[in-house]
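Contents: one structure, followed by commentary.
The values are calculated or read from the model by the stated rules, or taken from the named source; none is laboratory data. From a predicted model like this one, the values you see are computed outputs, not experimental measurements. Glycine also receives a Cβ, built like all others from the backbone with ideal geometry; neighbour counts cover every protein chain displayed. Heads up: the accessible areas ignore ligands, DNA and RNA and are worked out on the full protein's heavy atoms, side chains in. Shrake-Rupley method; radii C 1.70, N 1.55, O 1.52, S 1.80 Å.
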Amino acid sequence: MVKKTFHAAILFAVLFATWFALSGISSKLFLIYGAISCTLATLLTLRMHVLDNEGHPFHLAIAAPLYWLWLFKEMIKSGLSVTRAVWSPWHKITPNFAWVPSTQHCDLGRTIFANSITLTPGTVCVDIDKKKAFVHALEQASVDDLNEGTMDRSVTRLTSGKHHSKKKGHG
């Protein structure tokens, strides 16, 4: 119960802050309307039973910026690789589909893993289940990097709350 109350309070605060930032109106009447609408949205979320760690992943707030920096670096590396593959007259592009392993234990982890694959140039996650992800890759090297598991381990560290390591590899 305490955890749900905490999640509800944080959700209300985020909704109200967003509402206030977007409206920019600070009269008492509009603040009351905003508070009422944010309260109703929070109560609806509680009634739908979607207020949990996965629906509101506040526990990722500290580790996420480090993960984003790592992912941005991987996106740059992959972007350069795709650019080289597309512009080089000698490079033969070999697009393919492949299943790559996934060790994610929750829907949030699977979603972050699939989105990270798709955000990385040259790869798109087409489908994902509990043990593997179906990926389309522009080059076999991207599939090999995903099979190596660095991205999967990085997402697992992020969602489990362990600090992110700086191992090499990209998707």
What are the residues in segment 116-132 that are more than 15 Å from Leu69 (Cα to Cα) and open to solvent by 40 Å² or more (accessible area, probe 1.4 Å), if any?
Thr118, Pro121, Val124, Val126, Asp127, Ile128, Asp129, Lys130, Lys131, Lys132
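Each row is one residue, and each column tells you yes or no for (1) surrounded by 14 or more Cβ atoms within 10 Å (Cβ to Cβ); (2) modelled with pLDDT of 90 or more.
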{"site": "Ala8", "(1), (2)": "yes, no"}
{"site": "Ile25", "(1), (2)": "no, no"}
{"site": "Gly34", "(1), (2)": "yes, yes"}
{"site": "Gly55", "(1), (2)": "yes, no"}
All positions within segment 79-101 that are surrounded by 15 or more Cβ atoms within 10 Å (Cβ to Cβ) and at pLDDT below 95
Ser81, Val82, Ala85
Options Lys3, Lys28: the member that is farther than 24 Å from Ala61 by Cβ and free of Cβ contacts under 8 Å to residues at least 40 places away in the same chain:
Lys28
Given (1) part of a helix (DSSP H, G or I); (2) open to solvent by 50 Å² or more (accessible area, probe 1.4 Å); (3) out of contact with any helix residue (DSSP H, G or I) (no Cβ under 7 Å at 6 or more places or on another chain), Val50 misses just (1)
